1. Give the order of Glu156, Glu386, Glu279 when sorted by the count of other beta carbons within 10 angstrom, beginning with the fewest.
2. Using per-residue counts of other Cβ atoms within 10 Å, averaged over each peptide, order 132-140, 404-412 from highest down.
3. Just how large is the dipole of segment 147-301 about the Cα centre, in debye to the nearest 20, putting +1 at every Lys and Arg Cβ and -1 at every Asp and Glu Cβ?
4. For segment 185-283, taking Cα atoms only, what is the radius of gyration to one decimal and the Dmax to the nearest whole Å?
5. For Met146, Met69, which order do you get if you count the other beta carbons within 10 Å of each Cβ and list the fewest first?
6. Dividing the Cα radius of gyration by the Kirkwood radius, what Rg/Rh value follows for segment 17-195?
7. For segment 101-151, state what percent of all Cα-Cα pairs lands in each successive 5 Å bin, counting from 0 Å until the bin that includes the largest distance.
8. Among Cys107, Cys253, Cys28, Cys302, which comes first, second and so on when ranked by fewest other beta-carbon atoms within 10 Å?
Amino acid sequence: MKDNFHHPSKDITETKGTILRGKTICLCLTGSVAVITAPIVARELMRLGAEVITVMSKAATELINPSIMHWATGNPVITKLTGAVEHVFLAGDRPNATGKADLILVCPATSNTISKIANGIDDTPVTTVVSTAFGSDLPIVVVPAMHESMFHPIIEQNIIKLKKYGIDILGPRISEGKAKVAKVDDVIDRVIDLVIAKKDLDGMKVLITAGPTREAIDSVRFVSNRSSGKMGVELAKEAAARGADVLLIAGKCMVKIPDYIQTVNVISTEDFIKSVKDELSYKDYNFFISAAAISDYKPVECIDGKISSDKVEELKVNMKLTPKIIDVARKKNYKTFIVAFKAETNVSRTELINRAYARLLKSDADLIVANDIGREDIGFMSKDNEVYIIDKQKHITHVEKNTKRYIASKIIDVALEAYRIRDIT
C-alpha cells in the first residue's frame, strides 16, 4: 500500500462541519456490549473534522473485530503496545508533537477498566494510554456502560475518585436494568466541550430561552411557530462548555436537550415570562440570552373544551399582542447583560439590520442578533444559521453561514467582549 493512500472512509470528514478540524481523538474501547456504538461515535467525530485513532483492549476485540474500526476511521487500530511505544506517541508529554491526541475518549468503559484506571493499573492498551494521558495532563472522558447490578458503591466510589483527579465522567443512563452508555450526541457534545471551548465564562450565570411558544385556542388547539429550539440549545451547550452555570427555559423544542443542561420546561408566552421574571428577580445573572421564538400574538380568550367543527363552520380567532420578554427582563434587572434576537423574513440586509437595531434601542438590550428565517438554508428547521450581531453603537458583526454551534460560539464571544467593556466603562 502506498504511503499516500487515501482511505475511502475519510471521505466523510467535515461533511457536518469543521469544529473539530485539526483535532485528534483517541477512542479507547473496552469489553462492553455497548462497543457496538463505537463505529458511529468515530464517524460522527470525523464528520466534524476530527482524526480518530482507535485503541482496543483484548476484551473489546472479542466483541467487535478491529477491522470494523479500521474501516470506520481509515486508520490502523492499536490492539497491543509494541516497540513503537504507541501510548507515548498518542498520549505522552510531547508538546506540539505531530499525531498526539487532543483528548482520550474511553467509550464504553467497563467496571473493570474504571476500577483499574482509578487504582493506577495499566495492564491493557487502553489503561496504559489513559495512565500516560493522565500524566501528560491530557483531557480524558470516561463513558461507563455495564449491567446495573455492576454499578454498585465500589464503582461509584471509583468514579468519584476519577472525578476528583480531573477525569470527566459522562453517564451512565440507568434504564432497563442497565447502566447504559451515554447517547452518541451527548458524547460528541462533551468531546467538543473539552477540546474546543474556552473556560472564559467560569463562575458566571447565564439564563437562556429556546424553542417556540404555544398559545391555546381551545383545550386541544394552539397557535405556534416552526422554531426547533436548536439555536437556543446550542447557546446553552456552548455557555456550559465555557464554564457557565446555565439555566435553559425551553418551549417544546424539536431537538434533544442534553441531560447536563439544567432546564425549565414551559409552554406559553406567559410561562416564559413568569419563569424569566422569577429567575431575574431572585438570582443575579450575568447574561440573559433570549433566543426563544416568543409569539407576538395570542388568542384573546381560550375556549374551555374542544370547539366542535360540527357546530362552527367558520372559526374566527381574535388575537392580541403579547409582552416583549426582553422588555420584561430589562425592567426586572438593569444589571444583567441582555442579548436579544430579531427574526425577519425575506428582507434586505439593510432592512434586517435597521429593524433589529430599532428593536435593540426600544428594549434597552445590550446586543441583538438578527437573522433571516425566510431562507430555507438557515431558517428555523436548519442545522445552520447566518447572523448579524449589533450593539448600541450600531457596530455590526457578521457571522457567515455555519453550524448553529459555531454561531453560538461567536455570539458568546461578542457578548462577552461587550460585557467586559461595559463593566470597565
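Laboratory data are not the source of any read-out in this text; all were calculated from the coordinates shown. Values in this document were obtained by computation on a predicted structure and should not be read as measured data. Heads up, the Cβs are rebuilt from the backbone with ideal geometry, glycines too, and the neighbour counts pull from every protein chain shown.
1. Values: Glu156 12, Glu386 16, Glu279 20.
Ranking Glu156, Glu386, Glu279 by Cβ neighbours within 10 Å, fewest first, gives Glu156, Glu386, Glu279.
2. 404-412, 132-140
3. That gives a dipole near 340 debye.
4. Rg and Dmax of segment 185-283, Cα atoms, are 14.7, 48 Å.
5. Exposure proxy ranking, most exposed first: Met146, Met69.
6. In segment 17-195, Rg relative to Rh is 0.93.
7. It works out to 5, 22, 32, 24, 11, 4, 2, in whole percents.
8. Cys302, Cys253, Cys107, Cys28
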